[in-house]
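Taking it in order: structure first as structure tokens, then the write-up.
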Amino acid sequence: MTEKDSIVITPLVERPSLASRMYGIADSWPAFTSHDPVADSLLSRVVEDFPHTCVVATDGDRVVARGLSVPFNAVLDGREEMPDTGWDQVLVWAYRDRRAGHAPTTISALEITVDAAYLGRGLSYRMLAALRDAAAGQGHTALLAPVRPTAKHLEPRVPMTDYIRRRRDDGLPTDPWLRVHVKIGGSITKVAPAAMTVSGSLSQWRQWTGLPFDADGDVEVPGALVPVHCDTTHDRAVYVEPNVWVRHEVHARAT
Ligand SMILES: CC(C)(COP(=O)(O)OP(=O)(O)OC[C@H]1O[C@@H](n2cnc3c(N)ncnc32)[C@H](O)[C@@H]1OP(=O)(O)O)[C@@H](O)C(=O)NCCC(=O)NCCS
């Protein structure tokens, strides 16, 4: 059996006992992202509440990757366009709809995270394919994704609108994660300029980043896609993360 063959990927609903271990994998998310209040309050519940649209990868007994997506109703008033407030917005909509009993009309990905020991083996393609398949299996014709380009943090001062135009000689996006989405069939639609917001006192930001946060203006923080804005007069700093909306058309299967 090859290494690739030993990894099994399924919708979480088929292996619900793994839900509690989904967030335990060794990941490389910057610490400050968990202080987005939307993520902080809702993300940990997604695997329990939406197991049909989440996928899990295991290697033997070990959980080695998670893929999370949520269903929401995209035809209600004000939801005709993919939201400028991307990631935060779809997570809020998914929970609002769940409470109100609004039938979902589409699915949005939230994240794919691969365990540090399993990076660089092509697993992200298989996880994204599994999320697309889960959306199709729920009878939907599209999987939306507010994508966080993985190399954008290296150039935080470049506007996202310029960044997403960058192409290699073969015409594919220069950014590795955008490239995965496009290679597997996704279309880059537009930037979500305020996909996630993290605000805090300067003391909190020092704690989250180890940086001094002692001067007004833009601060480059490792892992941040754009600079964090520091305001010493008011003792606060704010990070507004841009993401990129990608649309994947999928072939719905009857549910
Ligand atoms: C993004 C992530 C899921 C990619 O997973 P992965 O399984 O390691 O990626 P793959 O091995 O499938 O490689 C995907 C592409 O990225 C490229 N790539 C992988 N690691 C890279 C690196 N360190 N630097 C540059 N490119 C890289 C690969 O070459 C490949 O592109 P190609 O097929 O066109 O050559 C993983 O890095 C991760 O979990 N990151 C932390 C969470 C995150 O940022 N998730 C994405 C936002 S939701």
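Please treat every number below as a calculation from the coordinates, not as lab data. Note that this is a predicted model, so its numbers are computed, not measured. FYI the Cβ positions are ideal-geometry reconstructions off the backbone, even for glycines, and counts take in every protein chain you see.
Name the residue, out of ALA194, ALA145, that is within 16 Å of the ligand (Cβ to nearest atom) and either among the hydroxyl-bearing types (Ser, Thr, Tyr) or within 25 Å of ALA109 (Cβ to Cβ) (or both). Within the list ALA194, ALA145, the selection yields ALA145. Checked against (1) of a type outside the set (A, V, I, L, M); (2) buried (at least 18 other Cβ atoms within 10 Å of the Cβ); (3) within 24 Å of VAL147 (Cα to Cα), GLY185 passes all but a single condition, namely (2).
A Cβ distance below 7 Å, combined with a sequence gap of six or more or placement on separate chains, defines the contacts here; from the range 24-42, residues that are touching a residue at least 12 places away in the same chain (Cβ under 8 Å) and in a helix (DSSP H, G or I) reach residues that are surrounded by 17 or more Cβ atoms within 10 Å (Cβ to Cβ) and of a type in the set (Phe, Trp, Tyr) in the pairs ALA31/TRP208; PHE32/TRP208; PHE32/TYR239; HIS35/TRP208; LEU42/TYR95. When residues in the range 129-142 are screened for being within 16 Å of the ligand (Cβ to nearest atom) and either outside any helix (DSSP H, G or I) or in contact with a Gly (Cβ under 7 Å, 6 or more places away or on another chain) (or both), 2 of them pass. Restricting the first member to the range 164-193 and to residues that are under 21 Å from GLY122 (Cα atoms) and touching a residue at least 12 places away in the same chain (Cβ under 8 Å), and the second to residues that are within 12 Å of the ligand (Cβ to nearest atom) and of a type in the set (Phe, Trp, Tyr), the beta-carbon pairs closer than 9 Å and six or more apart or on different chains are VAL180/TYR125; LYS183/TYR125; ILE184/TYR125. Among the residues of the range 93-127, the ones that are within 16 Å of the ligand (Cβ to nearest atom), in contact with a helix residue (DSSP H, G or I) (Cβ under 7 Å, 6 or more places away or on another chain) and touching a residue at least 40 places away in the same chain (Cβ under 8 Å) come to 7 in all. If you check VAL221, VAL228, VAL250 for being within 22 Å of GLU81 (Cα to Cα), surrounded by 15 or more Cβ atoms within 10 Å (Cβ to Cβ) and of a type in the set (Val, Ile, Thr), only one passes: VAL250.
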